[in-house]
Amino acid sequence: MRTQVGIIGAGPAGLLLSHLLHLRGISSVVLERRSRDYVERRVRAGVLEQGTVDTLVEAGVGERLRREGLPHHGIELRYEGAGHRIPFEKLVPGRAITVYGQQEVVKDLIAARLAAGGDVRFEVEDVALHSLESRPYVTFGGGQRLDCDVIAGCDGFHGVSRPSIPEGVLTVFERDYPFAWLGVLAAVPPSSEELIYCRTERGFALHSMRSPTVSRFYLQVPPDATIEEWPDERIWAELKARLESVPGFALTTGVIVEKSVTPMRSFVAEPMQYGRLYLAGDAAHIVPPTGAKGLNLAVADVRVLTEALARFFEHGSSDLLDGYSAACLKRVWRAQHFSWWMTTLLHTFEEDDAYGRRLQLSYLDYVTSSEPAATTLAENYVGLPW
Ligand code: RFL
Ligand code: PHB
């Protein structure tokens, strides 16, 4: 088999890349380890930056997103018994975020690829990358071979692409946090119109949503926490203890339909390319989800890669491809800083002394009272221009 771009992974990065390349007349084959059902059900991100929404709409895969996505013009920071709104419409006029589940984006992209006759293969085993310096190819599924001009490693943090790069090429920058997030999807109407980022002495809590009838919550938990330790009653009690910290706020409880524990980590591998292999999305970098940036960064990478590949295939010039990593890393590092900053601002750190807590509260007071400080948060949150 032969294609122009062999894409490893059918997450948002791989699927969007395949779709954007198709629009530019460039062929690709997507190889995904999991089943279609699995990737369409995997509950993850929910906050799309304006630029991500625009990208999906312009690419013709935003019809349902426009109909069902929930535009948000602010978020609440809640701490010390009070809520403080960060008003995007005032601080960053004309820019907002849209709440729309990642798995809905994935469903829309898979449907678009299949409708256009795209080659997306699920449940593909034993993917291995070869000859990355020139004439790259991919082997998989007991003896099958895919020859390509270029390979796009879009297989997430635990994929095979990044580890296929020879030792000594990549420099890794990382930070682990001494906590994890317990994510919960519940069939209950949201108790707030906007997202609530809540700092308490018991730990961080986030109230998000998916639709007028489905809510999404996250709780800061110990790094080794397990689902078994968190029966539904305990989750609701803890969410109430953290979120019901302002007068008059009552959390609607009900049926929990999904829960999972996610480690919190910051990670960047540089450069994001080696020979004819280009990494995009979580395969190259991870942010803690507090800044809601991971999916948006994956989309930003893929936009840059599409332009670079279009130039390569249309004009035979590899100048944009050569500069791919450098072009992406500026945005990547901005998002790294923002996500680290939101995380350290809002979580409790066990080793924290009273001094550290005072610093957090002082910065929260600053962000919620100074317009320039609030604008810094707002413009990073809604997403800096491409
Ligand atoms: P993905 O989505 O991990 O997709 C990679 C795909 O590659 C497949 N794969 C393989 N296929 C073939 N062979 C192999 N050897 C393979 N190994 C892996 C995998 O099965 C998978 O289908 O990476 P991608 O496309 O780069 O997308 C990145 C996003 O998924 C991620 O950054 C976001 O989910 C992060 N994130 C958030 N991002 C936001 O922008 N806004 C948010 O609000 C937000 N909230 C979150 C999040 C991530 C979370 N978790 C669970 C990590 C909330 C949470 C809780
Ligand atoms: C979500 O709705 O899943 C979500 C929202 C905001 C975040 C992270 C996740 O910062």
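What follows is calculated from the coordinates using simple rules that are stated; it is not laboratory data. Being a predicted model, the structure only gives us computed values, none of them experimental. Note that we place each Cβ from the backbone using ideal geometry, even for glycine, and neighbour counts take in every protein chain shown.
So here's what we get for this one:
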read-out	value
Cα Rg over Rh - segment 46-131, Kirkwood	1.16
C-alpha long axis of helix 324-346 to longest principal axis of the chain, angle in °	20
Angle in degrees between helix 232-243 and the longest Cα principal axis of the chain, rounded to the nearest 10	70
Per residue Cα convex hull volume in Å³ - calculated over segment 249-386	178
Extent along principal axes [Cα atoms of segment 207-290; Å; largest to smallest]	57, 30, 25
Pairs of Cα atoms farther than 30 Å apart, the chain, %	40
Neighbourhood charge, 14 Å Cβ-Cβ cut-off, centred on Arg311 and excluding it, Lys, Arg +1 and Asp, Glu -1	-3
Over the chain, relative contact order from alpha-carbon pairs under 8 Å, at least 6 apart, %	20
For segment 175-224, diffusion coefficient by Stokes-Einstein and Kirkwood Rh (Cα), 20 °C, 1.002 mPa s, µm²/s	185
Choice from Ala354, Ala115, Ala187 with maximal GNM fluctuation in the chain (Cα, 10 Å cutoff)	Ala354
Gap separating the Cα centres of segment 92-147 and segment 313-365, nearest whole Å	26
Angle in degrees between helix 371-382 and the longest Cα principal axis of the chain, rounded to the nearest 10	40
Mean Cβ neighbour count within 10 Å, used as a protection proxy, ranking 58-66, 322-330 highest first	322-330, 58-66
Net charge, Pro223 excluded, C-beta distance under 14 Å - Lys, Arg +1, Asp, Glu -1	-3
Lysine pair count for the chain [Cα-Cα under 30 Å; pairs on different chains or 8 or more apart]	9
Cα gyration tensor category, rounded, prolate or oblate, for segment 145-265 with a/c compared to 1.5	prolate
Ordering of 178-185, 46-53, 314-321, 121-128 by burial proxy (mean other Cβ atoms within 10 Å per residue, highest first)	46-53, 178-185, 121-128, 314-321
